[in-house]
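The values are calculated or read from the model by the stated rules, or taken from the named source; none is laboratory data. Small disclaimer: the values here were computed from a predicted structure and weren't measured. Because the Cβ atoms are built from the backbone with ideal geometry, glycine has one as well, and the counts that use them run over all protein chains shown.
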Amino acid sequence: MNILVWIIFGALAGWIASIVMGKNRQMGALANIVVGIIGAFIGGWIMNQFGAAGVTGFNLNSLLVAILGAIVLLFVVGLVRR
């Protein structure tokens, strides 16, 4: 059951990031999940570089960190695709 919650968490973070970056129409549910999960790792790493807490559990702070990481991921992918 725990893995299902984290998949939903990743999907939510990826979906919000895709809306912020204007990519929502180009991405499906699976892409949102993948972007959200990878974004959580990226966001956690970024936050750790600044000495702040990364993804610490299923809470609002962790969701915001995952969204930040997913936005960074989508931005970098957009630069590479150009």
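Below is a table of values for the structure above.
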quantity	calculated
The listed residue being modelled with pLDDT under 85, surrounded by 14 or more Cβ atoms within 10 Å (Cβ to Cβ) and within 16 Å of Phe9 (Cβ to Cβ), out of Gly44, Gly69	Gly44
Residue count, segment 32-56 (criterion: of a type in the set (Gly, Ala, Ser) and either touching a strand residue (DSSP E or B) at 6+ places or on another chain (Cβ under 9 Å) or under 12 Å from Leu73 (Cα atoms) (or both))	4
Tally, over segment 58-74, of residues that are over 15 Å from Trp45 (Cβ atoms) and touching a residue at least 40 places away in the same chain (Cβ under 8 Å)	3
